[in-house]
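Working notes for the structure below.
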Amino acid sequence: MRLSLLRQGFDFTGREVANWFPGHMARGLKQMKARLRNVDCIVEVHDARIPLSGRNPFFQESLGIKPHLLILNKMDLADLSQKKRIHNELKKQVVHNIIYTDCTNDQNIRQIIPTITEMIGSSNRFHRTENPENCILVVGVPNVGKSSLINCLRRLHLKKGKASRVGAAPGITRSVLSKIQVSENPLLYILDTPGILSPHIESIEAGMKLALCGTILDHLVGEDIMADYLLYMLNQNNLYSYVEKYALDGPCQDIESLLKKIAIKLGKTQKVKAITGIGNVNITVPNYSAAAYDFIRSYRRGEFGQMTLD
């Protein structure tokens, strides 16, 4: 297909934003507010691929009285050529302290504690100056790498193992935990928290971006529409690695034909009986769900190149 024939827009007609706000999220919000008095700094972790979409406004509105550091994690998967534009947009949201990180390779992780220390040192600690320790509240939407970041800081600064569970699916951390030490000098503790989505995601497209980055459970959105939107975004960003990966003739815009080819290439097919005029016959049917699953996870692993969805 000629590139000029690829879609220039995506049709969200008839789709609704998936709302996923389980009970543990509501409990987590209450626990955060209860612990806020003894917190010196808020560290918000978000996915670098969606630096503008899906950030929970609660973190800025209710917790914003404290020094605020935004960490854009998974920078290895994002298009970093967009950093200047993203920073200008974040400044409009009164976000000035930003660090890009990659917990897998420890990239920029050592910048975090000195930045936090400087921010706390220039702020009012609300009559807690006699207490030598600093306490940090780590917040963010699900599955952006909060627990991975904490474990990374412990490994680099304390030479100690994991303190928080991590996982590929959202919702691993269920409640605000006890303090976790991440540094000896300065003496610094962190409170890990459950990932908390905004109860009202701002748009269907923002919800789709959150889903592609794994912050909403796939089945709540539908892997078919997620795969279709991913194909559209890859073409919009001139990322055509999927063509080589799945041995296609060229870029395409029809998700059904793409998933059919993926299923056949991966051997994700099944035999079913069909009734015809000459009797029952076995036909081969592609497993579209398995194909969509592979397509989406290949993107999440970075196999199609670096892409910022915002």
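The values are calculated or read from the model by the stated rules, or taken from the named source; none is laboratory data. Being a predicted model, the structure only gives us computed values, none of them experimental. Positions of Cβ are backbone-derived with ideal geometry, glycine not excepted, and every protein chain shown enters the neighbour counts.
What the table shows:
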item	result
Some residue of the stretch 57-68 being modelled with pLDDT of 90 or more and over 17 Å from the mean Cα position of the chain (by Cα)	no
Test result for ALA263, touching a helix residue (DSSP H, G or I) at 6+ places or on another chain (Cβ under 9 Å), crowded, with 18+ Cβ neighbours inside 10 Å, outside the structural domain of LEU77 (by TED's automatic domain parsing) and modelled with pLDDT under 95	yes
Which numbered condition ASN235 misses (of (1) touching a Leu at 6+ places or on another chain (Cβ under 6 Å); (2) farther than 30 Å from VAL141 by Cα; (3) part of a helix (DSSP H, G or I))	(2)
Qualifying residue in the stretch 218-240 (condition: in the same structural domain as ASP294 (by TED's automatic domain parsing), within 19 Å of LEU52 (Cβ to Cβ), under 15 Å from the mean Cα position of the chain (by Cα) and not hydrophobic (A, V, I, L, M, F, W, C))	no
Pairs with Cβ under 7 Å, 6+ apart, first in the stretch 126-141 and farther than 10 Å from ASN38 by Cα and at pLDDT 85 or above, second of a type in the set (D, E, K, R) and outside any strand (DSSP E or B)	VAL138/LYS146; VAL138/ASP192; GLY140/LYS146
Condition check for LYS273: farther than 28 Å from GLN8 by Cβ and either basic (Lys, Arg) or in the same structural domain as LEU80 (by TED's automatic domain parsing) (or both)	yes
Leading residue by the ranking (modelled with the lowest pLDDT) among those in the stretch 266-292 that are surrounded by fewer than 17 Cβ atoms within 10 Å (Cβ to Cβ) and hydroxyl-bearing (Ser, Thr, Tyr)	THR276
Conditions (1) modelled with pLDDT of 90 or more; (2) surrounded by fewer than 17 Cβ atoms within 10 Å (Cβ to Cβ); (3) of a type in the set (Gly, Ala, Ser): number failed by GLY214	(2)
Enumeration of residues in the stretch 217-232 that are among the hydrophobic types (A, V, I, L, M, F, W, C) and crowded, with 19+ Cβ neighbours inside 10 Å	VAL221, MET226, ALA227, LEU230, LEU231
Residues located in the stretch 92-118, provided they are modelled with pLDDT under 90 and either outside the structural domain of LYS74 (by TED's automatic domain parsing) or surrounded by 13 or more Cβ atoms within 10 Å (Cβ to Cβ) (or both)	VAL95
